[in-house]
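Below is one structure; the comments refer to it alone.
Each reported figure results from applying straightforward, stated rules to the coordinates on display, with no laboratory input. For clarity, every value in this text was computed on a predicted model and none was experimentally measured. Backbone-built Cβ (ideal geometry, glycine too); neighbour counts: all protein chains shown.
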């Protein structure tokens with residue numbers, strides 16, 4: 001286990017390093033820079049040059065990269081070049097909106113998709129099972145932003161029961177309004193996430209249904225459903241857990257789109273705005289922090305799955 | 001048939017659900033019981049500043065929230081536009097117009113308690129004329145600033161008629177001379193102190209209890225920033241904000257007839273400019289530029305925003321002393337436009353690239369495309385981020401047509417810079433504007449600028465679709481808010497909220 005763990009952690013570190021290089025290079029391929037943004041439409045070339053020097057943008061790219069990595073090694077994710085605030089603090093502030101959204105949509109997806117997957121597995125090749133199956137395909141195929149817009153049209157425009165966009169200006173000081181603002185975004189994210197989860201969980205349940213211990217349970221007089229829940233669920237939870245770990249990354253991508261569609265002041269909107277003003281030190285710090293988070297979750301899930309599943313213990 | 005419910009959902013799901021419920025509840029509770037904000041005015045705005053550094057950060061967003069509220073300027077303007085004393089007295093100017101001497105207002109102190117001295121003013125003026133300053137160009141004629149006892153003496157290289165006006169704006173803002181970093185803080189002398197900045201959503205100001213002038217009637221002011229025009233109007237109608245600045249003309253129409261709201265079509269200095277690249281092969285020809293102007297129906301353009309806005313016909317807004325109605329130059333006439341294009345050798349049509357910043361409504365781009373199509377000009381639109389626009393259009397002039405609302409006041413001077421992104425190079429205009437700056441008589445200066453504006457319009461250096469309407473909407477019971485240029489400067493100190 002120790003060998004496995006150290007190997008897994010080494011892989012994680014390499015993954016972080018590779019993504020940091022990619023991130024650094026890609027961001028610098030963008031046209032325009034922060035000195036121009038600060039200068040605006042009244043700037044002279046001399047002023048832009050002076051601003052670049054003041055912001056340290058005139059240093060060579062490798063030295064900027066090394067400075068950045070040196071900071072990361074000390075746990076310093078940099079500051080915004082515009083307002084000087086530590087990147088991690090700002091990320092934390094925006095998580096007040098994005099965090100509950102991520103958590104609520106994951107929980108909703110899990111709570112809805114897993115029981116439905118069990119039902120679909122139980123009713124495999126029956127009409128209701130097939131209907132669920134087709135619906136989940138649809139959930140995967142339709143783009144997230146399209147679902148968001150459709151939900152806005154139905155629940156905000158037609159029925160008028162939920163706000164179409166925005167987040168209360170006072171934030172969580174008005175908890176009810178804040179929670180209501182998150183309902184449609186949560187549903188949108190949960191739908192696409194849940195559809196994927198459903199596919200994997202259904203396959204996992206179907207597999208356990210064919211196992212000898214389920215057959216044995218049936219022989220002891222349990223119904224198909226009881227056998228599935230009592231003996232199948234724990235086994236099916238392993239692949240579901242794995243896929244949840246993988247989904248964290250795509251979920252973060254979805255959040256950027258969803259916050260845009262619903263104009264929520266969260267991490268996604270912050271990133272879009274920072275890219276727009278070319279606050280690159282902050283963007284690279286934010287994205288790297290999120291990347292590290294995703295890699296850590298993935299690693300943790302792998303380790304947990306390995307601990308839970310005795311069959312994997314001997315494998316390197 | 002029933003489920004074995006005790007086992008649904010799986011154990012991990014249940015735990016996660018509890019965690020999330022607990023988290024949401026904790027968040028809600030932690031932020032409950034905030035202060036009673038009944039006498040704080042909530043102001044909606046469109047553009048949030050990117051940084052609070054008044055020296056380096058250009059743009060009206062910063063002036064809107066900080067000038068007059070947190071920072072004050074050396075000089076001020078009264079309601080008729082005359083320059084009056086601010087933190088400094090009206091300067092005495094030497095015969096040759098190159099030495100300005102003025103005293104400093106007594107009994108003023110900064111928010112941190114430091115008293116205002118002549119040294120602070122010297123320090124501030126030097127900061128604002130430094131090379132990284134956003135307003136260095138406005139103060140370029142200054143060669144030295146010195147304190148002489150309690151007075152400040154400014155020496156100029158030559159006479160500068162626009163200096164007093166510049167000192168009523170950001171260039172005249174007064175900072176404490178021990179300021180080191182003001183990206184995320186502010187230490188001014190104004191009626192409000194900066195309380196907090198929630199980046200991405202709002203800036204809170206508190207009443208300055210030891211303000212030297214009349215105390216504001218409100219306890220504080222909060223600027224809320226909306227990236228979406230609909231969300232901004234919604235916030236007004238749901239009572240989240242009291243006043244909305246920069247409201248979208250097409251959205252406020254229903255509020256105009258509603259007695260619960262007051263809609264003001266405020267004046268502005270924002271020329272909605274269709275920029276021509278004068279160094280282009282086709283657009284270098286004045287006939288082609290004039291043809292484009294004559295092909296665009298400006299009255300129809302105004303209807304896009306429900307008539308909010310003003311037709312100008314040149315680079316000068318009516319609020320400037322050298323304004324003159326130029327709307328009779330290059331009037332709408334598609335037939336004449338076609339003829340001009342044919343004369344210039346484009347009878348078979350012309351294709352131009354419109355690089356359009358995505359901060360503006362794309363209906364503007366669509367309108368230009370459809371109008372120019374009628375005279376045989378094909379416009380290919382490329383929508384870009386503003387930062388890309390700054391790089392490609394503003395810096396490199398890699399474009400044919402572009403669109404920007406030039407909100408800076410008295411920005412006719414840009415037409416005297418051949419390197420400005422329009423690449424408009426007219427010796428005559430450059431001379432007129434340079435001479436105006438040196439003129440001894442203000443009337444003479446105004447006349448020279450008037451002639452420059454006419455020449456710029458006759459040359460069709462750009463097209464001016466309209467003057468942008470800075471629309472302010474306030475709910476019933478709010479008085480004392482500014483209505484002119486409210487997106488560029490918003491003094492909240494005279495606002496009164498009627499008791500509910």
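Binning all Cα-Cα separations of segment A:178-229 at 5 Å, short to long from zero, yields these whole-percent fractions: 4, 18, 17, 13, 11, 10, 9, 8, 6, 3, 0. Across all directions, the average flat footprint of the convex hull enclosing the Cα atoms of segment A:161-257 is 8.7 nm². So if the hydrodynamic radius of segment B:237-281 is defined as the Kirkwood radius over C-alpha pairs, what does Stokes-Einstein give as its diffusion coefficient at 25 °C and 0.890 mPa s, in µm² per second? Result for D is 178 µm²/s. When only alpha carbons of segment B:61-114 are considered, Rg and Dmax amount to 13.6, 39 Å. Our summary gives segment B:85-211 a relative contact order of 24 percent, counting only alpha carbon pairs under 8 angstrom and 6 or more residues apart.
Its residues counted as N, segment B:40-92 yields a C-alpha radius of gyration over 2.2 N^0.38 Å of 1.36. Size descriptors for segment A:1-148 (Cα atoms only): Rg and Dmax, in that order, 24.0, 74 Å.
Each pair of Cα atoms in segment B:157-207 enters the Kirkwood radius, and Stokes-Einstein at 10 °C and 1.306 mPa s then converts it into a translational diffusion coefficient of 118 µm²/s. Each 10 Å bin, from zero up to the one with the longest distance, holds this percent of the alpha carbon pairs of segment A:55-98: 25, 46, 23, 6.
Of the peptides A:49-57, B:488-496, the order by per-residue mean of other Cβ atoms within 10 Å, starting with the highest, comes out as B:488-496, A:49-57. As an exercise, use a Förster radius of 45 Å and the Cβ-Cβ distance of residue B:381 and residue B:143 to find the FRET efficiency, rounded to the nearest 0.05. Using R0 = 45 Å, I get an efficiency of 0.45. Diffusion of chain A by Stokes-Einstein, at 10 °C in a medium of 1.306 mPa s and with Rh set to the Kirkwood radius over alpha-carbon pairs, works out to 71 µm²/s. For chain A, the longest principal axis of the Cα atoms and the long axis of helix A:61-73 meet at an angle of about 50 degrees. Over every Cα atom in the protein assembly as shown, the radius of gyration and the widest Cα-Cα span, Dmax, amount to 31.1, 112 Å.
Sorting the Cα pairs of segment A:171-316 by distance into bins of 10 Å, from 0 upward, gives 10, 26, 28, 20, 12, 4, 1 percent per bin.
Computed from the alpha carbon atoms alone, the convex hull of segment B:118-201 holds 124 Å³ per residue.
Computed on segment B:238-365, the Cα convex hull volume stands at 149 Å³ per residue. Looking at segment B:399-474, the pairs of alpha carbons with a distance over 20 Å make up 37% of the total. The Cα center of segment B:158-172 and the Cα center of segment A:4-22 differ in position by 58 Å. As a rough footprinting exposure proxy, the listed residues B:219, B:96, B:463 were ranked by other beta carbons within 10 Å of their own, and the order from fewest upward is B:96, B:219, B:463. The angle between the Cα long axis of helix A:175-209 and the main principal axis of chain A comes to about 50°, on a 0 to 90 degree scale.
If one computes P(r) from the Cα atoms of segment B:343-471, what percent of pairs lie at distances over 24 Å? Counting pairs separated by more than 24 Å, the tail of P(r) holds 40 percent. Each residue of chain B gets 210 Å³ once the volume of the Cα convex hull is shared out per residue. Taken along its three principal axes, the alpha carbon spread of segment B:443-491 comes to 47, 27, 14 Å, from the longest extent down to the shortest. Between helix A:267-276 and chain A there is an angle of about 30 degrees, using the helix long axis and the longest principal axis of the Cα atoms. Taking one quarter of the surface of the convex hull spanned by the alpha-carbon atoms of segment B:89-158 gives a direction-averaged projected area of 5.3 nm².
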